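In what follows, a single structure is set out as structure tokens and then discussed.
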Amino acid sequence: MRKRIDARGKTLRAFRAYLELQLTADWIRKEMRGQLQSFDMTMAGFRVLEMLYREGPAHMSAASRKLECERQNLYRVVQKLEERGLVRRVMEMLPLMDNKKNRALKAMGDTEQRGRGVTRLRLKHAGRKFIATLFPRHAKVVKALMRALDGREQETLSKLCRKLREGLSVNFFKELRIIREGEGLGVGEELRLEI
């Protein structure tokens, strides 16, 4: 029969898992960064090229959400890719929604086209050719790194990562309530981990 674990034990177990995940993610990033540097490419740049290659043109705001990065950071990455001739930014005007203000302007004879400017990202021919060469090589390195896990373990890892991302906010707020109620670590109490 398994021994029931107390709140402190659960905190230590969660922290050990967090550290293992962090160490593994850092190790994988380091391995991938080295391989991408041989193509003079950053991980962020690769992710933008790969997304555009797989999904086609995208608005900057949509790309920022998909890649989970700030727009300012994405702008810098795209600027470097643009300088290399791999991507192109195209400004487009989206029409404004039909609302009272726009109808009033039209009624007064205002015929000027109004809209909201958005930036769409596109792969240039050189970018498509570059990612078509880079992606298969990068995929082989990823496959070699993931070979430590069999197919079923790789699928389980993917599901666990998605589950962790999706459930993170719900669990975070639940844990905050527990800590506020005094079940967390005491003042001055050390968090000792045995890894």
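The values are calculated or read from the model by the stated rules, or taken from the named source; none is laboratory data. What you are looking at is a predicted structure, and each value in this text was computed from that prediction instead of being measured. Cβ coordinates were reconstructed from backbone atoms using ideal geometry, including for glycine residues, and neighbour counts include every protein chain displayed.
For the range 151-195, which positions are loosely packed, with under 11 Cβ neighbours inside 10 Å and modelled with pLDDT of 90 or more?
Result: GLY151, ARG152, SER158, LYS159.
List pairs: first residue in the range 1-30 and among the charged types (D, E, K, R), second residue surrounded by 11 or more Cβ atoms within 10 Å (Cβ to Cβ) and in a helix (DSSP H, G or I) anywhere in the structure, Cβ distance under 8 angstrom, at least six positions apart or on different chains.
ARG29/MET43
Looking at the range 1-36, which of the residues that are polar (S, T, N, Q) and more than 18 Å from ARG147 (Cα to Cα) is surrounded by the fewest Cβ atoms within 10 Å (Cβ to Cβ)? Show your work before the answer.
Applying the first criterion (polar (S, T, N, Q)) to the range 1-36 yields 11, 22, 24, 35.
Subsequent filtering for residues that are more than 18 Å from ARG147 (Cα to Cα) retains 11, 22.
Working: THR11: 18, GLN22: 10.
Once the filter is applied, the top-ranked residue is GLN22.
Could you give me the residue pairs with C-beta distances under 7 Å whose first residue belongs to the range 58-69 and is within 12 Å of ALA44 (Cα to Cα), whose second residue is part of a strand (DSSP E or B) wherever it lies, and which are 6+ apart or on separate chains?
As it stands, the answer is ALA63/LEU121, since those pairs meet every condition given.
Is it the case that the range 90-107 has a residue that's at pLDDT 90 or above and surrounded by fewer than 12 Cβ atoms within 10 Å (Cβ to Cβ)? Give the derivation first.
Narrowing the range 90-107 to residues at pLDDT 90 or above: none.
No, the range 90-107 contains no residue that is at pLDDT 90 or above and surrounded by fewer than 12 Cβ atoms within 10 Å (Cβ to Cβ).
Of everything in the range 38-64, what is among the polar types (S, T, N, Q) and buried (at least 17 other Cβ atoms within 10 Å of the Cβ)? Give them in sequence order.
The first filter runs over the range 38-64 and keeps only residues among the polar types (S, T, N, Q), leaving 38, 42, 61, 64.
Once the filter is applied, which keeps residues that are among the polar types (S, T, N, Q) and buried (at least 17 other Cβ atoms within 10 Å of the Cβ), the range 38-64 yields only SER64.
Being touching a His at 6+ places or on another chain (Cβ under 9 Å) and among the hydrophobic types (A, V, I, L, M, F, W, C) is the filter; apply it to the range 113-150 and report the residue that is surrounded by the most Cβ atoms within 10 Å (Cβ to Cβ).
Taking the range 113-150 and keeping what is touching a His at 6+ places or on another chain (Cβ under 9 Å), we get 118-121.
Pick out the ones that are also among the hydrophobic types (A, V, I, L, M, F, W, C) and you get 118, 121.
Details: VAL118: 14, LEU121: 24.
Ranking the qualifying residues of the range 113-150, first place goes to LEU121.
ALA148: farther than 28 Å from GLN72 by Cβ and modelled with pLDDT of 90 or more, yes or no?
On the way: farther than 28 Å from GLN72 by Cβ: yes; modelled with pLDDT of 90 or more: yes.
Considered against the rule, which asks whether it is farther than 28 Å from GLN72 by Cβ and modelled with pLDDT of 90 or more, ALA148 comes out as yes.
Among residues belonging to the range 32-53 that are out of contact with any strand residue (DSSP E or B) (no Cβ under 9 Å at 6 or more places or on another chain) and of a type in the set (Ser, Thr, Tyr), point out the one that is nearest to PRO136 (Cα to Cα).
Keep residues of the range 32-53 that are out of contact with any strand residue (DSSP E or B) (no Cβ under 9 Å at 6 or more places or on another chain), which gives 32-47, 50.
Of the ones still in play, those that are also of a type in the set (Ser, Thr, Tyr) are 38, 42.
Numbers: SER38: 14, THR42: 16 Å.
Checking each candidate, the answer is SER38.
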